[in-house]
Amino acid sequence: MPRFEPFAALRYSASEPLDDVTAPPYDVLSVADVETLLHRHPHNIVAIDVPLDRDGPQRYDAAGRRLADWIADGVMVADVSPSLTLYRMDFTDEAGRSRSTVGVIGALEVVDEGAAGVLPHERTTPKAKTDRLDLTRATHCNLSPIWGLSLSSGLTALLESPGQPIGRCVDENGVVHRVERVTDAERIAEISSAVAAHPVLIADGHHRYAISRTYRDEVRAESGSTDTSAELTMTYVAELVEDQLSIDPIHRVYRGVTADELLERFGRYFVTAEAGSVTPRFAVEAIDREAMCLVRPDGTGVWLSPRAEMFEGVRAIDGAYLEHALEGSTIDVGYQHGVGNVLELLRDGQADAAVLIRPTGIDEIRRTADERLLMPPKSTFFTPKLRTGLVLRRL
C-alpha cells in the first residue's frame, strides 16, 4: 500500500491576500484568464504555475527563478517542520444544496505504472506532458496537488477535528476554501496510516502523477538514490464516500456529424423523446429522467433513454453507453463541462451536436477500484476544484 507522509509545506506569507494570489487549476485557464489574475495581483500563483509564451523559450526557467525570488523575499515561507494540511471546502452544489467536504494534503508515494497502491480510475486522452515536466524540472516543486480517493473507511472522521488555521479564500464561484495545519505526531501517524492502509484511486491529475513518475526516475538516475523527495508527490486525499464528493458530468460534443445523423445512429440503442429548449436545469433533469439528452445547434434537445437489451455487458456509465453506440465510427468527440458551456459551443458553431450525460455514481467509482477497472475518458468531473497556491511542496 502507498506511503503517505507529512512534509514541510511552502505557503504564502500571512501578508499576502489569498483571495488575490491563489488561482483555479492551470488546465482550466485561458491566456486571458492568466492575464486577469496577474493584473489582480503580481504575486498570483499563475506567474509560476502557468508560464506564458510571451516569456519566450526560457519561460520555465523564468518561473523557477521567480519562485526562488519569492522565497528569498518572504512572499512564500516554508513551514519549520513537516505537517499534513486539512483542506475544507464549503459550497453549494448543482442541486442547490449547501455542502462541506474535507480532505488531507500530504506526500503520496509515486509507484510504477500498473503497480498496486495508487490506481487510475479512467482511460486518459492524449495530452502533451512536457509542460508540467518542464515546469517541475525548473521549479523543483509540486505546485498543485493531485486529487486522490481513499478506500479507507473512517478517514473523514479522522479529519473532522480542526487543525491550526492557516488561511481562507473565496473563489470565483463563491466556494470557501480553508486550510489547517496538523503537526501533532500522533494525529499525523493516525491519518497517514489510514491513507496507507488501502489503495488510493486517482480522481484528478492522472497526467501530473505520470509526470511525477518520470521526474522520480530522472532524479534516481542522476542521484543514484531511491530515497529523495521525488519518491513522493503532493496529493489531496478524500474518502470515497458520497457526502465527501460532488461529481458533475463531462458532456460530449461532436463535430463533423449532424444531430439528425446521430439520432439515426442512436435510434437502435435509445428510446427518444423531444425535450424542447435545453436549459442549465437539464443537468438535474437528466438525473431525474434517467436519460441523456442530445442537443441540436438551435438549443433544442432529444431525450435518450437507454434500451437495456442493447447494453448487456456494458458498464452502467453514460460515457460507456455512448462509446458502445458509436463503436466503429470515426466521429470526432470532445468533452465539455457545464450545460451553459455546451450551449455556447453549439451557438458559436464550435460543435455540431452534443449529448448531455449524467454524473457517474459512487458505486461505479468504487467498483472501478475494487475490480481494477478503467472508465471511459472524462467520466467524472470532481467539484469544486482545489485552489492552486494554498500549499506547495518543494522537491
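Residue count for region 334-383, restricted to those that are over 15 Å from Leu322 (Cβ atoms), modelled with pLDDT of 75 or more and among the hydroxyl-bearing types (Ser, Thr, Tyr): 1. For region 324-343, the set of residues classified as of a type in the set (D, E, K, R) and in contact with a strand residue (DSSP E or B) (Cβ under 9 Å, 6 or more places away or on another chain) consists of Asp332 only. Scan region 221-264 residue by residue and report those that are closer than 22 Å to Ala316 by Cβ and either of a type in the set (Asp, Glu) or surrounded by fewer than 15 Cβ atoms within 10 Å (Cβ to Cβ) (or both). Result: Glu242, Asp243, Asp248.
Name every residue in region 36-59 that is of a type outside the set (A, V, I, L, M, F, W, C), in contact with a Leu (Cβ under 9 Å, 6 or more places away or on another chain) and either at pLDDT 95 or above or buried (at least 21 other Cβ atoms within 10 Å of the Cβ) (or both), in order of residue number. Correct list: Asn44, Asp49, Pro51.
When residues in region 173-203 are screened for being out of contact with any strand residue (DSSP E or B) (no Cβ under 8 Å at 6 or more places or on another chain) and within 27 Å of Ile365 (Cβ to Cβ), 3 of them pass. There is no residue in region 320-331 that is more than 27 Å from the chain's Cα centre (by Cα), at pLDDT 90 or above and farther than 21 Å from Asp260 by Cβ.
Taken residue by residue, region 127-137 has at least one member that is touching a residue at least 24 places away in the same chain (Cβ under 8 Å), crowded, with 21+ Cβ neighbours inside 10 Å and of a type in the set (S, T, N, Q).
Just one of (1) closer than 20 Å to Phe7 by Cα; (2) surrounded by 20 or more Cβ atoms within 10 Å (Cβ to Cβ); (3) of a type in the set (S, T, N, Q) fails for Gln164. It is (2). For region 343-369, a residue qualifies if it is among the small types (Gly, Ala, Ser), assigned by TED's automatic domain parsing to the domain that holds Gly299, farther than 20 Å from Ile287 by Cα and outside any loop (DSSP other than H, G, I, E, B), and exactly one does: Ala353. Looking at region 205-318, the helices (runs of 4 or more DSSP H) lying wholly inside it that each contain 1 or more residues that are more than 29 Å from the chain's Cα centre (by Cα) sit at 206-223, 259-266. The residue that is nearest to Val179 (Cα to Cα), counting only those in region 68-100 that are modelled with pLDDT under 95 and surrounded by 15 or more Cβ atoms within 10 Å (Cβ to Cβ), is Phe91. In the set Gly389, Gly319, only one residue is within 30 Å of Ala238 (Cβ to Cβ) and in the same structural domain as Glu109 (by TED's automatic domain parsing); that residue is Gly389. Looking at region 34-42, can you tell me whether even one residue there is more than 13 Å from Asp171 (Cβ to Cβ) and among the basic types (Lys, Arg)? The answer is no, given that none of the residues of region 34-42 is more than 13 Å from Asp171 (Cβ to Cβ) and among the basic types (Lys, Arg).
Yes/no per residue for (1) touching a residue at least 24 places away in the same chain (Cβ under 8 Å); (2) among the small types (Gly, Ala, Ser); (3) within 25 Å of Glu285 (Cβ to Cβ):
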residue: Ile211; (1), (2), (3): yes, no, no
residue: Tyr215; (1), (2), (3): yes, no, no
residue: Ser223; (1), (2), (3): no, yes, no
residue: Ser246; (1), (2), (3): yes, yes, yes
residue: Leu262; (1), (2), (3): yes, no, yes
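Regarding Leu386, is this residue over 21 Å from the mean Cα position of the chain (by Cα) and either closer than 30 Å to Gly148 by Cα or surrounded by fewer than 22 Cβ atoms within 10 Å (Cβ to Cβ) (or both)? So Leu386 fails the test.
One residue stands out in region 7-23 among those that are in a loop (DSSP other than H, G, I, E, B) and either outside the structural domain of Glu172 (by TED's automatic domain parsing) or aliphatic (A, V, I, L, M) (or both): the one that is nearest to the chain's Cα centre (by Cα), namely Ala9. Reported count of residues in region 284-316, each being crowded, with 22+ Cβ neighbours inside 10 Å and under 25 Å from Ile362 (Cβ atoms), is 5.
Just need a number here: residues in region 170-204 that are surrounded by 17 or more Cβ atoms within 10 Å (Cβ to Cβ), assigned to a loop (DSSP other than H, G, I, E, B) and either free of Cβ contacts under 8 Å to residues at least 24 places away in the same chain or of a type outside the set (Asp, Glu) (or both).
Narrowing region 170-204 to residues surrounded by 17 or more Cβ atoms within 10 Å (Cβ to Cβ): 171, 175, 177-182, 188, 191-192, 194-196, 198-204.
So of that shortlist, the ones also assigned to a loop (DSSP other than H, G, I, E, B) come out as 171, 175, 198-199.
Among the residues that remain, those that are also either free of Cβ contacts under 8 Å to residues at least 24 places away in the same chain or of a type outside the set (Asp, Glu) (or both) are: 175, 198-199.
Count: 3.
The values are calculated or read from the model by the stated rules, or taken from the named source; none is laboratory data. Treat the numbers as computed from the prediction; the structure is a model and nothing was measured. All Cβ positions, even for glycine, are placed from backbone atoms using ideal geometry, and neighbour counts span all protein chains on display.
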